[in-house]
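The values are calculated or read from the model by the stated rules, or taken from the named source; none is laboratory data. As the structure is a computational prediction, the values presented were derived from the model and not from experiment. Counting neighbours? That spans all protein chains shown, and the Cβs are built from the backbone with ideal geometry, glycine included. Please note that ligands, DNA and RNA were not included when accessible areas were found on the heavy atoms of the full protein model with its side chains. Shrake-Rupley method; radii C 1.70, N 1.55, O 1.52, S 1.80 Å.
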Amino acid sequence: MNTHGPSFVSSLTFAAALACTGLQAAEPPEAADISLEDLLTVEVTSAARKAQRINDVAAAVFVVSREDIERSGATSIPEVLRMVPGVEVARLANNRWAVSVRGFNNRFANKLLVLMDGRSIYSPIFSGVLWENEDTLLEDIDRIEVIRGPGAAMWGANAVNGVINIITRRARDTQGNLLVAGAGSEERALAGFRHGGQAGGGHYRVWAKGFTRDEAVTTDGKSGNDYWRSGRAGFRADWSMAAGHRLTVSGQAYSSYTGDRFNRPDVASPTGMTVNNLEQTGKGAHLLGRNEWTLAGGSEMALQGYVDHTNIELAGTFKEVRTTIDLDFQHRLLLAPNHDVIWGVGYRRSSDRTTSGSLISVTPRTGAFTLASAFIHDDITLIPDTLRLMLGVRLEKSSFTNIEPMPNARLMWTPSENQSIWMSLSRAVRTPSRAELDAQVDLGVLPGGAPGNPTPLAILTRNVPDDHKLKVEKVTAYELGYRQQMTPTLSADIAAFHNEYMDLRSVALGSQRLVAGRPPYLVQEIVPNNSVEAYTRGIELALDWNPLSWWRIQPSYSYLSLHARSTTGDPSSAQSVTRINQSDPQHQLSLRSAMSFSDRHNFDLWLRHVSKLGNDVIAAYTSLDLRYAWRPRRDFELSLVGQNLLDRRHPEFVPDLLPSQACDIERAFYVKAKWLF
Amino acid sequence: MTRHGHRTLLVLAAGVLLLLGSARAQPTLTESQAKAAFVLNFARYVEWPERAFPARETPLSICLLGRDPVGNALLALEGRQVHNRVVTVRRLANADEARTCHVLFLAESEERRLVHALRGLIGLPVLTVGDTDGFIDNGGAIGLVQGEGRLQFEVNRHVLDQAQLKASSNLLKLARNLSDLKGRN
């Protein structure tokens, strides 16, 4: 589905790869006299590479380049995303994250669509991304494009607040062998290998990686049982064939073992819960094929299909086996010199088989949903190089919903080569997930006599299914953005938004009944409904500055104000409002500095500040990462990374939905070697 | 894992200070400068058919389509000599003006009109150079691509033949996608 983008993101699609802006510092007179042989060996500074191409995109876009990933010292995708303005990343433990864009953060943040090479990794059961299962060899990622704001007109439902597109490198860009290995205090051991070669007139790569991570500590100082062991292997092959056909086949298989500690609701316990350790297992594999070709008239077509199989098990609690088949076609044509049109259709079928344990039970046990979609998007040049209007709409029909239209209008004004102003108006929806529709979840126990429980009996709060009456969540988003290349070495990107949300999922108190167990207890049912409204406002600012040819500084700031309210006043609806209102920091600051003293020495610094959540539910924190890389030879690099250096440990988020214990994030160090041969 | 944290931090900081002390700016090229230098080199390694130069003093015309910082770096090439001809650099407003160019650099901003632009030049002696993804697959002659921290290039020989451009064997040998030619000639 990432191929849906061309006109919308195409410029951005290619942004990170190249196009270094703003580096017209004094042209060395000898530059043009370097021979071809020497040019091939010249190290290229690729600082500030993004701004220029992004200039053409009428959306709030940030592209994380391969170099950004490497120099961040991050070892997982969510950690990389911390550098993107408007994105909230909170680590719940060493193996769990809450990641969202423009508010509503949660471990299962459901308003963000994440694609990896065109494959959706949004879990239909949890309506969110299980980051502990999603990974690849970080060295193979070409770029991560993050679009804040609704991308639904292009990518479909659930792209309510943003889209993250993780795009891996073409096989021909990863030829030869790569070996990475590292070890450290939290990263106990990590290793990765890739081999790229040629076969059958095309290029391929095969890769594998594995790691084991240490446990963090819970807030009360105990070991968090949040270890993480994962291994995965994959391949990608690209062929350029006759008649302009470009074929890509890729696949991956993984297994991921993550420890967790549950405060499991227990009516027999005086505290209302028992703590128990458990292991979550994620296994999966996928196979994806894509063919892109150009027709005689110059129009382009793309056909993509994938099969994705996942198996998630929370020992003794829940198990889900899911198979998804997705087909996607799109056609892009220049109807007239000033009309760049893309249209496409898509079909997805996803079926699951669940096994319930205590805590969660899903009925019926097996389920399947289909999703059919069609979209059209026209990029109209009103005044060449100056004014463009983009109109698009996507229609989706899923098993759970009626046809949902998701329209979008954007206007892009480029008064000069180094300035652009854009605005956008859009509507997007989020469709209810399988779990929201069919799952019964025990949320917690209020012991007898505890505050809020006047009875002597324990009250078990249980989320019950609602008979598929849940509606889609809707957002109307107003966005405005400005970009300027002030000087060849300084550029700025500002985006502001106002989003209005309707029919957000919430709950209402349902019936109460007595269960004659031993001991007897009360069950308070709570029933899902759509009784919350909210609005968000925010500003995101990113600067990119090269004060010196070997020094790059990238500060960013995000402001978010979120106000949710219940439309019913029901106490449990009000409770979910409280939770929503305290899930996001109001201020986020990030400052990255990348110094390249020479071919051989790099020094990187990353300072982050995240303001408090709610009324100090989580205190504000500041953290610092440092990285020093030494390259004694062109093909060998040794790096030393220190993470979260400013405190011994700090919490970043409070878990929700599943009763996992919160862990503190500890200071960490690791060393890594990278060898190309 | 945290006991030695402070000490390690100190060591790190000391290392950084040492480094700063010995820091010196490495004279590297910007990506745009490197790309422009590549373009000039490609022109040196390619022979045009005679009809491409109506007169002895006809300059070698390098054109740029689209907005790109490479443009400024290309403009800096104006006045240089290639094949004993003076280099001129022009920015084009649209692809139709490219027919009289000898070299055409297609910037990334033109990606949406890339195929259209390239089709209009089929059979004309215009050396097309670009840095978009899959440039040569889309009918471009020479594509600049990112290698490990360096730039590399790929050549579409079929397109060169169509354009009646004769590339030197040195150029072909250095092309990444034709590297199997190495040592053969």
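Structure summary
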| quantity | calculated |
| --- | --- |
| Complete set of residues in region A:589-622 that are in a loop (DSSP other than H, G, I, E, B), at pLDDT 90 or above and of a type outside the set (Ser, Thr, Tyr) | A:LYS612, A:ALA619, A:ALA620 |
| Hits in region A:443-456 (condition: in a loop (DSSP other than H, G, I, E, B) and surrounded by 18 or more Cβ atoms within 10 Å (Cβ to Cβ)) | A:PRO447, A:GLY448 |
| Selection from region B:91-102 of residues that are touching a helix residue (DSSP H, G or I) at 6+ places or on another chain (Cβ under 8 Å) and away from chain A (no Cβ under 12 Å) | B:ALA98, B:HIS102 |
| Test: B:VAL159 is modelled with pLDDT of 80 or more, outside any helix (DSSP H, G or I) and not charged (D, E, K, R) | no |
| Residues satisfying the stated conditions in region B:72-102, i.e. open to solvent by less than 20 Å² (accessible area, probe 1.4 Å) and β-branched (Val, Ile, Thr) | B:VAL82, B:VAL87, B:VAL89 |
| Condition check for A:SER583: in a loop (DSSP other than H, G, I, E, B), open to solvent by less than 40 Å² (accessible area, probe 1.4 Å) and under 22 Å from A:PRO655 (Cα atoms) | yes |
| Restricting region A:335-347 to residues that are within 26 Å of the chain's Cα centre (by Cα) and without any contact (Cβ under 8 Å) to a residue 40 or more places away in the chain, the residue that is nearest to A:GLY367 (Cα to Cα) | A:TYR347 |
| Some residue of region B:82-99 being on the phi > 0 side of the Ramachandran plot, at pLDDT below 90 and not basic (Lys, Arg) | yes |
| Options A:ARG66, A:ARG107, A:ARG96, A:ARG82; residue that is at pLDDT below 95, open to solvent by 20 Å² or more (accessible area, probe 1.4 Å) and under 22 Å from the mean Cα position of the chain (by Cα) | A:ARG66 |
| Condition check for A:ASP214: open to solvent by 10 Å² or more (accessible area, probe 1.4 Å), within 14 Å of chain B (Cβ to nearest Cβ) and touching a His at 6+ places or on another chain (Cβ under 6 Å) | no |
| So A:ILE403, is it of a type in the set (A, V, I, L, M) and crowded, with 21+ Cβ neighbours inside 10 Å | no |
| Filtered residue count, region A:509-538, keeping only those that are under 30 Å from A:LEU446 (Cβ atoms) and open to solvent by 20 Å² or more (accessible area, probe 1.4 Å) | 20 |
| Residue in region A:637-655 that is modelled with the lowest pLDDT, counting only those that are open to solvent by 40 Å² or more (accessible area, probe 1.4 Å) and more than 12 Å from chain B (Cβ to nearest Cβ) | A:VAL654 |
| Only listed residue being within 28 Å of the chain's Cα centre (by Cα) and buried (at least 17 other Cβ atoms within 10 Å of the Cβ), chosen from A:MET423, A:MET390 | A:MET390 |
| Condition met for B:PHE42 (at pLDDT 90 or above, assigned to a helix (DSSP H, G or I), at the interface with chain A (Cβ under 7 Å from one of its Cβ atoms) and buried (at least 16 other Cβ atoms within 10 Å of the Cβ)) | no |
| Region A:113-163: number of residues that are part of a strand (DSSP E or B) and under 29 Å from A:ARG71 (Cα atoms) | 17 |
| Among residues of region A:325-334, those that are touching a residue at least 40 places away in the same chain (Cβ under 8 Å) and in contact with an Asp or Glu (Cβ under 9 Å, 6 or more places away or on another chain), counted | 3 |
| Qualifying residue in region A:194-209 (condition: in contact with a helix residue (DSSP H, G or I) (Cβ under 6 Å, 6 or more places away or on another chain), in contact (Cβ under 8 Å) with a residue 24 or more places away in the chain, among the charged types (D, E, K, R) and farther than 20 Å from A:VAL80 by Cβ) | yes |
| Counted residues, region B:76-86 - those being more than 9 Å from chain A (Cβ to nearest Cβ), under 20 Å from B:ILE142 (Cβ atoms) and of a type in the set (A, V, I, L, M) | 1 |
| Output for region A:189-226, where each listed residue is of a type in the set (D, E, K, R), within 22 Å of A:GLU652 (Cα to Cα) and under 27 Å from the mean Cα position of the chain (by Cα) | A:ARG213, A:ASP214, A:GLU215, A:ASP226 |
| Scan of region B:103-149 for residues that are within 7 Å of chain A (Cβ to nearest Cβ), open to solvent by 30 Å² or more (accessible area, probe 1.4 Å) and acidic (Asp, Glu), ordered by number | B:ASP133, B:ASP137, B:GLU148 |
| Tally of residues being touching a Lys or Arg at 6+ places or on another chain (Cβ under 6 Å) and crowded, with 17+ Cβ neighbours inside 10 Å across region A:482-501 | 1 |
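Results for (1) at pLDDT 95 or above; (2) of a type outside the set (A, V, I, L, M), shown as yes or no for each residue.
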site	(1), (2)
A:GLN175	no, yes
A:HIS195	yes, yes
A:VAL267	no, no
A:GLU279	no, yes
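Residues are listed down the side, and each one gets a yes or a no for (1) more than 7 Å from chain A (Cβ to nearest Cβ); (2) at pLDDT below 85:
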site: B:ALA14; (1), (2): yes, yes
site: B:LEU18; (1), (2): yes, yes
site: B:GLY21; (1), (2): yes, yes
site: B:THR28; (1), (2): no, yes
site: B:LYS35; (1), (2): yes, no
